[in-house]
Amino acid sequence: MELIRTAVAFRRALDQARAGGAVVGFVPTMGALHEGHASLIRRARDECGAVAVSIFVNPLQFGTNEGFGDYPRDEERDLARAAELGVDVVFAPPVEEMFPVGEALPTAQPGPVGDRLEGASRPGHFRGVLTAVARLFDLAGPCRAYFGEKDAQQLYLVRRMAAGRALPVEVVPCPTVREPDGLARSSRNALLTPEQREAAGCLFLALSEAAEAARSGERDAGKLVAVMAREIGATPVARLDYAAVVDEETFEEVRRIDGKARALVAAWFGTIRLIDNLALPIP
Ligand code: AMP
């Protein structure tokens, strides 16, 4: 496994892999690798001749007081895990390689969807995400890029950006990996106290109740939102940020479920904010 710190060397390594006939699989991450990341890497390993993982805690996607400094970082452990999973290239750049001072980088505008839900709670978040992903896609070149459904709004915006810019990148969505109680794996889970960790199970419970109501024929999105808000609201340590139902194709909030829809929740556990989502059964 090759560890690369510079943009030039990353571009060259993937160009070389393609010149040798490999399809490149690319998994962008912020490190603190867990089973969710591992599932993306395994999928890339199964489907591609060469696998690259980037590890970069992107300062642009954190607002002030959003825990950029506290975000878990353990490069040594991540490198060992990546090697175990058969990764060929790890790109772990310093910030100046990602965002060179004085260089005009392509600007990324998420559009109206970027201002809703996660974007409403975290102004500027998706502009920061897309700026970093656009830079990574530019350096990586033609590839299959693996993203988790756990971050559904991010996945939606990244896919739209790749399509809109006609980038030679196929974005591949991967299912959310969960703990036994349903809690989605997240690097932030490590920051929860035992009490908060137990309470965090309410996110998946709320989503499951909404999915169950939809399965039983409930089409009124407002009622599903109320079900989710009630479940999270009834959990002592949890503080609801939002519960919503969106159309999969547009990521617009819907009043009624007529086609593919997804339920989403976000809640605070102390100072830690967790998100999750679940596709709803199709009517
Ligand atoms: P992050 O390091 O949190 O930026 O995540 C890197 C990638 O891993 C993103 O595409 C995430 O959606 C994905 N990911 C994070 N958690 C999970 C999970 N529990 N299951 C599947 N994918 C995940």
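Listing for the model above:
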read-out: Convex hull volume per residue in cubic angstrom - Cα atoms of the chain; value: 130
read-out: Ranked list, fewest to most other Cβ atoms within 10 Å of each Cβ, for Leu240, Leu139; value: Leu240, Leu139
read-out: C-alpha long axis of helix 221-233 to longest principal axis of the chain, angle in °; value: 90
read-out: Unit charges on C-beta of K, R, D, E only; dipole of region 1-90, Debye; value: 300
read-out: Least to most buried among Ser39, Ser121, Ser216, Ser186 (fewest other Cβ within 10 Å first); value: Ser216, Ser121, Ser39, Ser186
read-out: Dipole of region 159-280, positive direction: furthest Cα of Ala163, Val225, Pro236, with charges on the beta-carbon; value: Ala163
read-out: Extension gain from Asp181 to Glu84, taking 0.36 nm per residue of separation minus the Cα-Cα distance; value: 32.3 nm
read-out: Of Gly114, Gly270, Gly124, the one that fluctuates the most in a GNM where the chain has Cα springs shorter than 10 Å; value: Gly270
read-out: Charge dipole of region 20-111 about the Cα centre (unit charges at C-beta), most positive-ward option of Pro93, Ala50, Thr107; value: Ala50
read-out: Fewest-first sequence of Asp70, Asp151, Asp276, Asp115 by Cβ atoms within 10 Å of each Cβ; value: Asp70, Asp115, Asp151, Asp276
read-out: Förster-model FRET efficiency, 30 Å R0, Arg77 and Ser121, C-beta, rounded to 0.05; value: 0.50
read-out: Pair Ala166, Val101: separation of 7 Å Cα→Cβ label points (nm); value: 3.7
read-out: Kirkwood hydrodynamic radius of region 34-169, Cα pairs, Å; value: 16.0
read-out: Angle between the chain longest axis and helix 35-47 axis [Cα atoms, degrees, rounded to 10]; value: 50
read-out: Tilt relative to the chain, helix 152-164 - C-alpha long axis, 0 to 90 degrees, to 10; value: 50
read-out: Label-point gap, in nm, between Thr271 and Val23 - each point 7 angstrom along Cα→Cβ; value: 4.4
read-out: Dipole in debye (nearest 20) - the chain, about Cα centre, beta carbon charges: Lys, Arg +1; Asp, Glu -1; value: 380
read-out: Semi-axis lengths (Å, descending) of the ellipsoid that matches the C-alpha gyration tensor of region 153-283; value: 25, 21, 12
read-out: Gained length - Asp70 relative to Glu248, 0.36 nm times residue gap less alpha-carbon distance; value: 60.8 nm
read-out: Projected-area average for region 58-123 over all orientations - Cα convex hull basis, square nanometres; value: 6.7
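We did not get these values from a lab; they are worked out from the coordinates using the rules stated. Everything quoted here is computed from the prediction, not taken from an experiment. When we count neighbours, we look across all protein chains shown, and the Cβ atoms used for this are built from the backbone with ideal geometry, even at glycine.
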